[in-house]
Amino acid sequence: MTASSTTTPALAKEVALLAVLATLWGASYTFIRIGVETIPPITFIAARTLIAGGLLVAIIKMRGLSLPKDPAIWKRFFIQACINSVIPFTLIAWAEQTVNAGLATILNSTTPIFAFLLTVLITRHEAVTMRKLLGTIAGVIGISLIIGMEAFQGVGKELIAQLAIVAATISYAAAAIFGRGFKGLDPMMPAAGSMVCGAVILIPISFIVDQPWTIAPSADSLLALLGLSVFSTALAFVIYFRLIHTLGSVSTTSQAYLRVPIGVGIGVIFLGETLASTAWIGLVFVVIGVAAMTFPSRKKTVPV
């Protein structure tokens with residue numbers, strides 16, 4: 001068996017996991033939208049990190065493993081928690097109280113663009129190719145077509161909330177690059193460690209700001225919280241940290257493009273939202289963008 005024949009199935013598996021990750025995170029917009037209807041954003045995200053972290057720690061123990069003891073690693077977990085959960089989770093949950101789902105999806109799906117720019121301008125940890133640049137452009141075009149250009153008419157209104165989503169997007173991009181530093185660890189370790197640190201940060205803030213014991217959440221919000229915590233957080237982050245090391249940070253963030261049609265589709269089914277007439281054309285651009293940013297080049301590229 002040749003090296004290429006063994007590499008292709010392995011790559012196909014990673015791309016399939018990328019699609020699963022996109023589905024899990026695409027569903028998160030619906031979960032958040034339903035959850036923050038009766039649960040304040042900080043409390044909602046504090047509970048999300050607590051449930052997800054507790055679940056991951058339990059699974060780690062069931063596997064006969066234990067979390068690292070090294071303080072240096074926990075310092076990295078803390079940083080990862082801040083830039084990959086505490087800051088972006090809270091900003092998006094807060095913003096989705098006022099920003100419509102279409103515009104929120106567009107703004108948050110630009111993570112690969114910021115990961116690409118951070119790579120080019122600062123870290124230069126991956127080869128930057130023209131194909132990835134074109135993939136970035138194709139993805140943005142596809143997103144615009146899927147949601148419909150009319151979604152951009154909301155830009156300028158509720159500016160602070162929109163900027164909050166952009167800030168969350170930049171934070172996600174930085175987290176994807178920073179997450180490469182956990183290479184060698186079981187993917188569950190940084191996922192669990194960052195969730196535990198996130199809960200430690202957010203729970204006291206929740207008690208001070210929201211006084212959660214005074215909240216009366218609806219059953220729908222509680223179910224949304226459970227789905228978000230178990231599937232779109234715990235399971236998703238295990239896959240995420242694996243892909244950071246197998247596909248790279250820029251390629252992993254490209255799931256943001258695939259997340260858009262999935263997220264919109266879930267919104268259509270469960271929230272009664274409608275698709276723009278250009279959705280299917282946009283989907284073609286999305287697939288092209290994901291492929292361009294995910295599949296490795298045949299020729300050797302020179303880092304910029």
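Remarks
- Exposure of K61 as accessible area (Å², to 10), given a probe of 1.4 Å and all protein chains: 150
- Solvent-accessible surface (1.4 angstrom probe) belonging to E273, in square angstrom, nearest 10: 70
- Sequence of M130, M188, M62 from largest to smallest accessible area, 1.4 Å probe: M62, M130, M188
- Exposure ranking of T253, T246 by accessible area [1.4 Å probe, largest first]: T246, T253
- The largest accessible area among I39, I288, I122 belongs to the first residue in I122, I288, I39, and the rest follow in falling order (1.4 Å probe, all chains).
- Relative contact order, whole percent, for segment 33-98 stands at 62, derived from Cα pairs under 8 Å and 6 or more residues apart.
The values are calculated or read from the model by the stated rules, or taken from the named source; none is laboratory data. Because the structure is a prediction, the values reported are computed rather than measured. These accessible areas exclude ligands, DNA and RNA; they are computed on the full protein's heavy atoms, side chains included. Shrake-Rupley method; radii C 1.70, N 1.55, O 1.52, S 1.80 Å.
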